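These notes concern the structure reproduced below.
The values are calculated or read from the model by the stated rules, or taken from the named source; none is laboratory data. Keep in mind it's a predicted model, so treat the numbers as computed, not measured. Note that each Cβ is placed from the backbone with ideal geometry, even for glycine, and that neighbours are counted across all protein chains shown.
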Amino acid sequence: MKGNIIYKKTIPARSPEYAEFPKSLHPDIQDFLSGQNIKSLYTHQAEAFSHAMAGENIVITTPTASGKSLCFYLPVVQEILKDPVTRAIFIYPTKALAADQYRALIPWMEALGEHRLSVGVYDGDTSPAERKRIRERANIILTNPDMLNGSMLPNHSKYGFDFIFSNLKYIILDELHVYRGAFGSHLANVFRRLTRICRYYHADPQFLCSSATIANPLELAKKICGRSFINIDKSGAGMSERTYCLVQPEEKLNKDGIPYGKESIINVAADLLPQLMERKESFLAFARSRKNVEILVKETRDHLDAAGFLGTARKEEISGYRGGYTPLERKSIEQRMISGELLGLVSTNALELGIDIGKISTTVLAGYPGTRASFWQQTGRSGRGSGKCTNYLILANLPMDQYIALEPEWLFEHSSENAIVDPNNLLIQLAHIRAAAAELPLTLDDGALFPDLGETIPVLMKVDEVRNMGGRFAWSGGLYPAGEFSLRNIDQNKYQLINKETGKNITEMDEEQAFHEIHEGAVYMHDGDFYQVVKMNLESKIVEAVPFHGNYYTVPGSETNIRIIHRHKKQQWERSEFSFGDVNIADFVYMYKKMQFHNHQNLGFEQLTKPLSKNYDTEAAWLRLPENVVRQYRNLLQPDRNGYYVRNNHFEGLMFALKNAALMVTMTEDSDLGVAMSTNALELSGSTSEEVSLYFYDRYVGGLGFAEKIYDLIPKVTEQAIRMVSGCKCKNGCAVCIGNDRLDRNVILWGLKNLSEESELTVQKTRNTSYPDEKNAKWDRSRQREFTLSDLKEKWDLFCSRVKENSNTFAGFFSMVSGLEVKDSSLILYLRDPFYAEWANMLENRTGISNVLNTYVFLPGDFRFAILTDAKKPEDTLKREKMMRRYHTLKKDETYGTE
């Protein structure tokens, strides 16, 4: 193995703790359990039954493989045997989990008789005849949030759903911890709608939930389900002996024996997996991304091929498993794993959940999964029988992983993370208020469920989607508002990747992911096959690719610009000013680099013909740096070969350290949080404002609470950043602690400490920041801008010429501007024709104009621009205007614009 085990921990086996069957447990259930060789319950199962029978809502957070499902089955089946019309809805985050639970309930139906207990899976794959049977007869309905949102609630008065909701006694929510971020915020609003429907039918169902170990199960359960809960966290289940190995990749040496980096985690894993296969150990390997799943499968098969005949014969015994595969592909892989045809799988976190794929003796985590909750879920997939198990965590050369290398007990001794949801995200709330109005007229009582209902109804009235009916607001819009959004994310723009040669659909993804993974020239991997994108149609959202047989994969190059919309709150923290509010994000993908397989060397960069840009509103916290930090960091900047001051950029090192500290302190995942710095940061002191800010923003439209949590915890974030940077074992600075080994760690530490206490910087410009080739300079040069906002009026004609020279869209528009004003951080463009000004203010046009300005001009973080004739449109209230913007985002309306 191309790595060394630097830490090993064995957790001894634990004996189970039992409790007798509760006296109130139905005799037929006791007989069934005895027939399954279950003579008693685990203590937590008996405790859960007792609380459920007392009418309490419960959330169970015992470890994986502790028998949580029986905690659900016992009270539900007990109630069904007592009252045959009882209905229970079991909600699972995936179809595969629902199908898995159906198989687990088959013995119950066979023992009790289907005339007493009927179960069915109600999802998008269920046939019409089976759906009818389930609606009419099933006591237990296994489904997912999408079906509840899009089918059951909108049709509550039809097809027998009214009978189901009238007799709904239990709602079972499995894998509660999965419902975080956008998915959890959506589900909370689905349950708000469900509460309205149940009240309408005079039902008050009880909630039984299960979750992985997280720090805030009661808070999360209450936010999502809207009820108070009892937590059951002490497990009575036994556990087999478990061994955990932390693996540090070996250093790579040049021809002179000098270290220049470490083996990639994919290389280490690809070296380890064939060894497991040779020993015939069943395994489940986890990779952090879809791309890494495909790379690891390919490189493992390549290793097996290189081993000769026996290895080649075994290479079909490993498969990938991830989102992007069709349901039939995933189901086939699951069955092949259960049957033993496959010895191991490489998966994203899609298999982190409890889908049955047979007994696993080993897990391999190619990189820390981002949270302790995920670490325990993934390693918990092994050792579910009585045998011992081994779990490998291969540490990436990333801050979190290397912090674990320094402090391994942090992983085992500290509590798991908080799961963050924001049910009151305006875009999400608006989508579900529209759906709720179509299900039942909105009443005053609904204001207790939807906090921003009072701001929403005027917006919906303005667009003729609700009308007043005697003090209630009834739906008058389209037929199916619940079908206009996805619960799984906020971005509704979906791109289809197809094989140009066969016309076959390869996968689907949202716009942000598409811009980063399937831009023109990108190499995309799917189940071991490789495709190169040849065309991306932004209008049809169809992306064409052809089979690819090259020796590299691609990594996108991107840049983010931020404009402040409104500051909600501000605090003076020590020497720094910290703010929180609404911002607009302009995310650009402008080039990509080619990385060679196996050695992962950079083969060069390619510029996109036209940058891809995504523009959205969200929430951010921003830290204004002290002036002495700005001056010193600017003084340390060094020019590249073209005279641009982009080298020795310690602003990026500071931002890198603070972001990684924020991820740890707030227990947020990397995919939730973006960071950026003011566009004027790389200007020399004296040439522009000394005000430079670092931004932490939610990567979701409207925000989901991550940035606000950073705002509340900035002192702890800074303290953790100082600990991580000062505790790193590197000599001067490295990619792990400050993101770049050409920067000086002492300068970053000085900057972090100066956020609270002023001191002098004694470090000189002595670091060697030269780059080995011209390609890196090209990568940085694309970020340069020729103009600043302060000199734009003076250089307007030159600006228009530059836009025209590069054939940018809107070059004609800029040439028609009759005048402009620059006021502080604002730009006002004047047009003579009122209609032309109105036309330019349409949302799509404003976005395009903003993107062109961002491309050529250094703009401050709180930049605003207006397009006017003689009079400016009066502004609405802030939240009303935000709600209207969210409405048009939801409807994907390209004709809406604001000034």
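What to note about this one:
- Residues located in region 445-470, provided they are in contact with a helix residue (DSSP H, G or I) (Cβ under 8 Å, 6 or more places away or on another chain) and in a loop (DSSP other than H, G, I, E, B): L449, F450, P451, D452, V463, E465
- Breaking point among (1) modelled with pLDDT of 90 or more; (2) surrounded by 19 or more Cβ atoms within 10 Å (Cβ to Cβ), for P458: (2)
- Candidates K541, K535, filtered to the one that is farther than 19 Å from Y700 by Cα and either in the same structural domain as V852 (by TED's automatic domain parsing) or more than 23 Å from the chain's Cα centre (by Cα) (or both): K535
- Filter result for S818 (out of contact with any Cys (no Cβ under 9 Å at 6 or more places or on another chain), modelled with pLDDT under 85, surrounded by fewer than 19 Cβ atoms within 10 Å (Cβ to Cβ) and among the polar types (S, T, N, Q)): no
- Residues of region 164-190 that turn out to be among the hydroxyl-bearing types (S, T, Y), surrounded by fewer than 24 Cβ atoms within 10 Å (Cβ to Cβ) and either in contact with a strand residue (DSSP E or B) (Cβ under 8 Å, 6 or more places away or on another chain) or within 21 Å of S69 (Cα to Cα) (or both), as a count: 1
- Among residues of region 853-899 being within 27 Å of the chain's Cα centre (by Cα) and in a loop (DSSP other than H, G, I, E, B), the one that is modelled with the highest pLDDT is D862.
- Filtered residues of region 706-719 (kept if more than 13 Å from S579 (Cα to Cα) and surrounded by fewer than 21 Cβ atoms within 10 Å (Cβ to Cβ)): P715, K716, E719
- Region 544-581: number of residues that are within 23 Å of the chain's Cα centre (by Cα) and modelled with pLDDT of 95 or more: 2
- Some residue of region 506-526 being closer than 30 Å to L704 by Cα, part of a loop (DSSP other than H, G, I, E, B), in contact (Cβ under 8 Å) with a residue 24 or more places away in the chain and touching an Asp or Glu at 6+ places or on another chain (Cβ under 8 Å): no
- Number of residues in region 22-52 that are within 28 Å of R227 (Cβ to Cβ), more than 37 Å from the chain's Cα centre (by Cα) and hydrophobic (A, V, I, L, M, F, W, C): the value is 3.
- For region 368-393, filtering for residues that are under 29 Å from V725 (Cβ atoms), out of contact with any Cys (no Cβ under 9 Å at 6 or more places or on another chain) and at pLDDT 90 or above leaves 5.
- Test for A419: is it farther than 17 Å from R472 by Cα, modelled with pLDDT under 95 and either surrounded by fewer than 21 Cβ atoms within 10 Å (Cβ to Cβ) or of a type in the set (D, E, K, R) (or both): no
- From the options L743, L755, L761, residue that is assigned to a loop (DSSP other than H, G, I, E, B), in the same structural domain as A661 (by TED's automatic domain parsing), closer than 21 Å to Q571 by Cα and in contact with a helix residue (DSSP H, G or I) (Cβ under 9 Å, 6 or more places away or on another chain): L755
- Any hit, region 320-333, residues being over 30 Å from K731 (Cβ atoms), buried (at least 19 other Cβ atoms within 10 Å of the Cβ) and over 26 Å from the mean Cα position of the chain (by Cα): no
- Which numbered condition V77 fails, given (1) out of contact with any Phe, Trp or Tyr (no Cβ under 9 Å at 6 or more places or on another chain); (2) surrounded by 17 or more Cβ atoms within 10 Å (Cβ to Cβ); (3) hydrophobic (A, V, I, L, M, F, W, C): (1)
- Of all residues in region 489-511 being within 17 Å of the chain's Cα centre (by Cα) and at pLDDT 85 or above, the one that is nearest to F588 (Cα to Cα): E511
- Only one of the numbered conditions (1) in contact with a Leu (Cβ under 9 Å, 6 or more places away or on another chain); (2) more than 23 Å from A396 (Cβ to Cβ); (3) buried (at least 20 other Cβ atoms within 10 Å of the Cβ); (4) not acidic (D, E) is not met by T312, and that is (3).
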